[in-house]
Every structure is written in C-alpha cells, then in structure tokens.
Amino acid sequence: MNGNKAHVLAVENTKIYYDIETGLKVKGVSSKNKLGRSFEQELFFSKYTAVKGLKFPSRLRIVVGGKEMDFQVQTLSLNNGVNAGDFR
C-alpha cells in the first residue's frame, strides 16, 4: 500500500489491509453484487489522529465503479459526557 507492506485479512468477499509498520488499517476492499451486477468497493483510511490514546482515520476515500468520494473528519470526540456510573 503506497510503497508500504501490508498484512491482508480476507473474510468472505472482503479484504482488509493493515500497514505492517504501524498496524493501522489502510484499505478495505469488498466485492458486491447488486441487481445482478458485480463490482468492487474500495475504502482507504489515512491521516490518523490520536484521541484519548486511540488512533482514528480522519480521511476516508471511497472508490466505487470508477467514481471517488472523499471524506474529511472535522471534529472527533470520544465518550464526551460519559462516566463509569453510566455502565452500572
């Protein structure tokens, strides 16, 4: 992936790629079938941001049928307003 080696996890019609150096998910590929037509959907994960010690991708790119959609996370919060008492 982009010149980096990746581990590939294949489950049924999906392959998930994890960067060997970072361990982060970098790509997902799914084979789909709708209305008798087969196609591949690719999802690319990048620009990871750490929030409370966890890393989340802040850029998502989807490629389906030659068309591309780009998503950029503007704000990310994790468990705001949640405390340990909420789980009793």
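Just so you know, in the range 42-72 the residues that are in a strand (DSSP E or B) and charged (D, E, K, R) include one that is farthest from the chain's Cα centre (by Cα), and it is K67. Search the range 63-77 for residues that are over 11 Å from E42 (Cα atoms) and free of Cβ contacts under 8 Å to residues at least 40 places away in the same chain and pair each with any residue that is outside any loop (DSSP other than H, G, I, E, B) and among the polar types (S, T, N, Q) when their beta-carbon atoms are under 9 Å apart and the residues are at least 6 apart or on different chains. Final answer for the pair search is Q72/S58; V73/T49; V73/S58; Q74/S58; L76/T49; L76/S58. Being exposed (fewer than 14 other Cβ atoms within 10 Å of the Cβ) and touching a strand residue (DSSP E or B) at 6+ places or on another chain (Cβ under 7 Å): is that true of D70 here? Considered against the rule, which asks whether it is exposed (fewer than 14 other Cβ atoms within 10 Å of the Cβ) and touching a strand residue (DSSP E or B) at 6+ places or on another chain (Cβ under 7 Å), D70 comes out as yes. Considering the range 21-36, and only residues there that are surrounded by 11 or more Cβ atoms within 10 Å (Cβ to Cβ) and over 13 Å from the mean Cα position of the chain (by Cα), the residue that is modelled with the highest pLDDT turns out to be T22. Among the conditions (1) among the hydrophobic types (A, V, I, L, M, F, W, C); (2) more than 16 Å from the chain's Cα centre (by Cα); (3) not in a strand (DSSP E or B), F39 misses just one, which is (3). Tally the residues that are closer than 21 Å to K67 by Cβ and without any contact (Cβ under 8 Å) to a residue 12 or more places away in the chain, restricting the search to the range 1-41. Going through the range 1-41 one residue at a time, the tally reaches 6.
The values are calculated or read from the model by the stated rules, or taken from the named source; none is laboratory data. Everything quoted here is computed from the prediction, not taken from an experiment. Please note: Cβ atoms are built from the backbone with ideal geometry, for glycine as well, and neighbour counts cover all protein chains shown.
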